[in-house]
Amino acid sequence: MAHDTEFHVHHDSPEAVGRRERLGVRLLIVADGAFLFGMIFSWFYLRNLNTNQAWLPKGVHSFSTASGWVAAAGLIVAGIAHRIGEYNKAVRNATALIALVALLVGGYYQWHQMAHMPFVAQDADGRPFFNGAYASNWVLVAGANMFHYLIGAFVALGLVLRGYRTKLDPTLEEWRQRTAGSWFTWIAVSGILCALATSFK
Amino acid sequence: MTTLSHAPASSRPVPNPQKSLITKLNMGTGMVLGIIFCWGTYYGMKAGRDMTDSHNVNKVLLMSMFAWSVGFLIGIGAFIGPFRWLIGKDLTDEEQLYLAGDGQGISRYFKYCTDHKVVGIQYLVGVMALLGVGGTMAMMIRTNLATPGSHFVTPVVYNSLVGLHGITMIIAMIIVATGPFGNYIMPIMIGAADMAFPRLNALSWWVLFTAVPVLCSAWFLGGIPTGWTAYAPLSDQAGPGMNAFVATIIIFAFSTAIAGMNITTTVVAMRAKGMKWNRVPIFVIGATISVALAIPAFPTFMVAMIQTAMDRTIATSFYDANLGGSGWLYANLFWIMGHPEVYVILIPGVAALMEIAPVFVRKPLFSYNAAIAGFAGIAGLSILVWAHHMYMAGWMPSLNGPFMVTTEFISVPTGLLFLVLIGTMWRGRPWMKLPMLSVYAFIWDFLIGGITGIYLSDVPADNYLHGSMYVTAHFHYTLMGAALTGAIGGLAYWFPKMTGRMLNERGGYISFWFVQIGFNVLFLGMFIAGATGQPRRVADYAHLFAHANLISTMGAYSVGLGMIILLWAIIHSWRSGKIAPMNPWGAKTLEWTVPYPVPLVNFDTPPVVTSDPYGYGRSAK
Amino acid sequence: MSDHDQEVLPPTPGARVGKFLGRSDVRQTFILGLLYTIVFVVLGRWIYPHWMPRVLSKQMQANEDIMIWFTVISAPIAGVVLAIATKSFMNMHRGDTPPEEGIAIRTNTPVVIVWTATSVLFCIVAIVWGLVALNTESIAAATDAPKSIVVDVTGSQWAWSFYYPAQNIHTHTLNLPVNQPVTFNVTSDDVNHSFWPVQLGVKIDANRLVTTVAHADPTATGPLDVKCAELCGLYHAYMETDGAIQTPADFSSWVSSIQATGGVQE
């Protein structure tokens, strides 16, 4: 049985597998980038169109510019921490943990913001609605950040746990560090672009 | 890569990864968990919510639909791989072999099977089912339009038919060539053992599978009033059926992103030794350009659908003009996806026909480079033309001129596709088999579809034609006349490799003529109705348009009959057709060098490629 | 295809072209192409216009011209493609074994260049034609604006209504005087509609809280159909009304008859 299996599973070299995985992740980043483009397009399109003067109707509160940057901070810290660990194997377990914690804390902050939005109003029947196009766009951007925090935390947790396993192929794991690096860098860039967009109120 | 043992698959013991959860999961466990998740979410969220508020209804329905999808995927074992990666206990060889379906016979088609050949067959059956459903709706639409004042269906049902026919067919057409052939044939064509990411390959299919019941649920939730374009703010106003549409698109967008990334990576990174870029079969090039174009194009539709979902559930105002929204935002996001999408559909069909033509004319593909330039040019330009769907939207009239320029320039790379096909035919003696017939049908249909596109891309003419039946006829000529014809040609061509049997020729010929003649009657009639001034998507029309519509309906029935005959031919041949030899067409691509059934890792020894696969013909001198 | 076996290329390009044109398959293809071209020209020049509605404005004339002349210009290209395909089809081989090998023509650079140049040229003709038409239209819209009759058009599910500010009348049919430019200011009460006065050959979407503008120059009198060209829900198919392009005298009496009933059409 075991002998038979040996004959049927094909093993490509870890180099080939690693390269493949990195390309795949980069292609998914392209897709996510197109999503980000759509979101930022929406932000500036509705902002400049300002239909019915209701981008940010009079008297509606907005988030401060700084809060948008704070919301992205977790993504940026995680990105930097991972890059440090990627190039310096000695501190890798520590930086992986830092990235995970940064993502969890940042994710919590983003969630907290979403739970306390200043622009949710109530209609005549007492039902909540988002007052204006700024509010609508803000919650979409925050949702995208949240998505990145969650996926990022999953990857970071995996890297932390895998850091303690010894039976893994070291070459492939090295490639996976680089692959994860593409993703962490991307979510940091995406966080910065989102924070930039939300700075334009 | 190690080689396959020579013992036939049936005599090898079924791999038995001891006590692994993956051996216990299949489509049945997926359905059970999906339904539990769906019902749990539905009743859990409904409790304590004011269900007279449409926002709450939408919230509950949408979340239930997503819960179904996630539940199904958990139940079939889609997340075992990622979870095992997370905890650092990667799948063992035995488990991977089990997942590949080795020695599991027919049951592997109902499991989370990673073998690209299984996924290809799953896609083929799925596409046929979607085309069947979409085609039935088309027949109902044409029956209602046979005479003015018809009451075959009510306007509510009619509008839903138009929208659901549209989206069902669009989904079917996006996967019609890259699904079955891109998964089953393409890895063999490039000499690979499997796709780059076998588990993601299974995921793309099963994610798509979960979208189907969601789409069908639209009927039980009151249908959709918006057509497949789902323009806002009509979609904000629409009833609960709209949620099914929104959820379907979001789920489908995940599936296409995963599939697109997987196919692209496979082609870039897993080609056989010696298969340089100028030796890659043209179908592989076309399919790759198509899915690579989908990767950046489709997410904007997802943004638009998420915004629609947010407007409908948590009362945001992306598309509500009172609160700063705009329908133009939707139209832009939709068409930034929508126009590349047309070419995502078209290119693999054309590429399949380019693969076919040299084999049957016994001549090299004429100007391989022109073919690539044609595909690449179309793909490149297609992201710069989206607003030609919005000439009459009034969103920015000053951009009509520039968009007209980019749009009309697409006719240059499109012309190259024609050149490649007629250049291949030139002075040749074509072997008139079913696949080759499709090449001729394509040239006729796509010529009409292409030329009518030039009027539509011209702003002053579009002033009159926009939103009329003329547009409907035009895009059916391109999507059905060109892309579906290409896919049917591909099916006839690769059927022997995918099923081990020849497609019944007589059935195929009869079906071909019923479909093609009917198709041309149908849509030439629709061109007349459109030129006369009949708007599209109307449940009823003035007596002025009666003749043209009756002609169209007769053509439609002929197409329907032809498709039923084709379905019969496929089922009949699959069960008891003539056994196919290994290379029935005498073709030179790699998929014809492997036997049927294709071994699990495709090749006993990895192939080495020394030339392109178009070395047909003798020297002219 | 035995006649190809002993083919030897003549020495000069001129002789090569001469030999090429002298070949029987080339002649047959040429004749087929000519036949197809004639069919398309007849279709475009004489049959197309027959299907289209009566021309009541400059804009409708412009787009009918485009429909006709684009068909005529593209006829030879379509003719060449179909002729080669037809010739190849007629040369078919049937049976269960493949035909003998054809000629190994990998590519032919002059052909690719000529083909691409022709399609670029065709493209440029189409683009320039379109841009000129577009420009003529916008200049006309700008210069005619002062003498235009203005109609405010509102789409709502599922009816059109019209307000003529200068005449101060509300109507549900669209009557206009001939030979006077008209400007439509279009908006919507609810979802998107598309305002389409068919015989005027113009169209513009109606959006809520936004005004979009269309412009037309009626040149002949006759009945007018107004339709909605954007799916707008349940009764989209029935969102239509009619009207007419009238002589100025007829139009004035139509306006007065409505003003007599309080400015609202019954």
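Given contacts defined as C-alpha pairs under 8 Å and at least six residues apart, what's the relative contact order of segment C:163-266, whole-number percent?
Answer for segment C:163-266 is 33 percent.
Let a ≥ b ≥ c be the square roots of the eigenvalues of the Cα gyration tensor of the protein assembly as shown; is it rounded (a/c under 1.5), or, if not, prolate (a/b larger than b/c) or oblate?
oblate
B:I571 to B:R618: extension gain in nm, 0.36 nm per residue of separation minus the Cα-Cα distance?
13.0 nm
Amide H of B:W431: which non-local residues (sequence gap of 5 or more, or other chain) have their own amide H closer than 5 Å, using H built in the peptide plane?
The list, which skips near neighbours in sequence, is B:V361, C:H93.
With every protein chain left in place, what is the accessible area per residue of segment B:354-462 in square angstrom, probe 1.4 Å?
On a per-residue basis, segment B:354-462 sits at 20 Å².
Considering only C-alpha atoms, what is the centroid distance from segment A:91-143 to segment B:239-302, in Å?
Result: 31 Å between the Cα centres.
Rounded to whole Å, give me the distance from the Cα center of segment C:177-234 to that of segment B:538-553.
The two parts, judged by their Cα centres, are 23 Å apart.
Accessible area of B:K111, 1.4 Å probe, to the nearest 10 Å²?
Estimated to the nearest 10 Å², B:K111 gives 40 Å².
Measure off, as a whole percent, the carbon and sulfur share of the 1.4 Å-probe accessible area of segment B:306-458, all protein chains present.
75 percent
Report, in whole Å, the centroid distance computed from the Cα atoms of segment B:446-508 and segment B:353-431.
Spelled out, the Cα-based centre of one part sits 14 Å from the other.
Determine which lysines satisfy two conditions relative to A:K89: a Cα distance under 22 Å, and not lying fewer than 8 residues away in the same chain.
Cα-Cα hits under 22 Å: A:K167, B:K89.
Hey, can you grab everything whose amide H is under 5 Å from the amide H of C:H215? Only 5+ residues off in sequence or another chain; H modelled, so Pro and N-termini drop out.
C:F184
Using heavy-atom solvent-accessible surface (probe 1.4 Å) with all chains present, what is the largest-first order of C:F122, B:F334?
C:F122, B:F334
Please enumerate, by chain and number, the lysines with C-alpha under 16 Å from the C-alpha of B:K117, excluding those fewer than 8 residues away in the same chain.
B:K497
Show that you can apply the helix-only estimate: for the protein assembly as shown, add -39,500 (n - 2.57) for every DSSP H stretch of four or more residues, divide by all residues, and state [θ] at 222 nm to the nearest 500.
Per the formula, -20500 deg cm²/dmol.
Taking 8 Å as the Cα distance limit and 6 or more residues as the minimum spacing, I'd like the relative contact order of chain B as a percentage.
16 percent
Based on the Cβ-Cβ distance from C:T261 to B:S150, what FRET efficiency comes out when R0 is 35 Å, to the nearest 0.05?
0.40
Taking H placed 1.01 Å from N in the peptide plane, check which residues at least 5 places from C:N175 or on another chain put their amide H under 5 Å from its amide H.
Counting only residues 5 or more places away or on other chains, the set is C:A244.
Select from chain C the helices, each a whole stretch of DSSP H, whose alpha-carbon atoms run 20 Å or more along the helix axis and whose Kyte-Doolittle mean is at least -1.0; answer none if there are none.
Once both thresholds are applied, what remains is C:24-42, C:58-90, C:109-144.
Give the calculated FRET efficiency between B:S54 and B:K273 to the nearest 0.05, with a Förster radius of 60 Å applied to their Cβ-Cβ distance.
My answer for the efficiency is 0.50.
How much of the accessible area of chain A, probe 1.4 Å, is carbon plus sulfur, in whole percent?
The nonpolar share, carbon plus sulfur, comes to 66 percent.
B:W219 accessible area, nearest 10 Å², 1.4 Å probe?
100 Å²
Using the basic label-point model (7 angstrom from Cα toward the beta carbon), what is the C:Y235 to B:N583 distance in nanometres?
Computed distance between label sites C:Y235 and B:N583 equals 6.7 nm.
Could you give the accessible area per residue of segment C:148-260, probe 1.4 Å, as a whole number in Å²?
Result: 32 Å² per residue.
What does the C-alpha gyration tensor say about the overall shape of chain B? Classify as rounded when a/c is under 1.5, otherwise prolate if a/b is larger than b/c, or oblate.
Judged from the Cα gyration tensor, chain B comes out oblate (a/c at least 1.5, b/c at or above a/b).
To the nearest 100 Å², how much accessible surface do chains B and A cover up together, summed over both, with a 1.4 Å probe?
Rounded to the nearest hundred, the buried surface is 4900 Å².
Using θ = phi - 60° and the Karplus form 6.51 cos²θ - 1.76 cosθ + 1.60, what ³J(HN,Hα) does each residue of segment A:54-62 get, whole Hz, x for Gly and Pro?
Rounded to whole hertz, the list is 10, 4, 9, x, 3, x, 8, 7, 10.
If C:L35, C:L82 are ordered by their accessible area, calculated over protein heavy atoms with a 1.4 Å probe, which sequence runs from highest to lowest?
Correct descending sequence by accessible area is C:L35, C:L82.
Which entries in the list B:K276/B:K588; B:K433/B:K578; B:K273/B:K433; B:K433/C:K87; B:K24/B:K59 go over 23 Å, if you measure between the two C-alpha atoms of each?
Where the Cα-Cα span goes over 23 Å, the pairs concerned are B:K273/B:K433; B:K24/B:K59.
With θ set to phi - 60° and the Karplus curve 6.51 cos²θ - 1.76 cosθ + 1.60, what are the ³J(HN,Hα) couplings of segment C:181-189 in order, to the nearest whole Hz, using x for Gly and Pro?
Each residue's phi maps through the Karplus curve to give x, 10, 10, 9, 9, 10, 8, 10, 8 Hz.
³J(HN,Hα) across segment B:96-111 via Karplus (A = 6.51, B = -1.76, C = 1.60, θ = phi - 60°), whole Hz, x for Gly/Pro?
Whole-Hz 3J(HN,Hα) from phi for segment B:96-111: 5, 5, 5, 4, 6, x, 4, x, 9, x, 5, 5, 5, 5, 10, 10.
With r defined as the distance between the Cβ atoms of C:A15 and C:I113 and R0 fixed at 30 Å, what FRET efficiency is calculated, to the nearest 0.05?
Approximately 0.90, to the nearest 0.05.
Mind grabbing the interface size between B and C? I mean buried accessible area, both sides, 1.4 Å probe, in Å² to the nearest hundred.
The contact between C and B buries close to 8200 Å².
Please compute the net charge surrounding B:A232, taking Lys and Arg as +1 and Asp and Glu as -1 over other residues with Cβ under 14 Å from its Cβ.
Surrounding charge for B:A232 is -4.
The values are calculated or read from the model by the stated rules, or taken from the named source; none is laboratory data. What you see is a predicted model, and the numbers here were worked out from it, not measured in a lab. Please note: Cβ atoms are built from the backbone with ideal geometry, for glycine as well, and neighbour counts cover all protein chains shown. Just the protein is used for accessible areas: all its heavy atoms, side chains included, with ligands, DNA and RNA removed. Shrake-Rupley method; radii C 1.70, N 1.55, O 1.52, S 1.80 Å.
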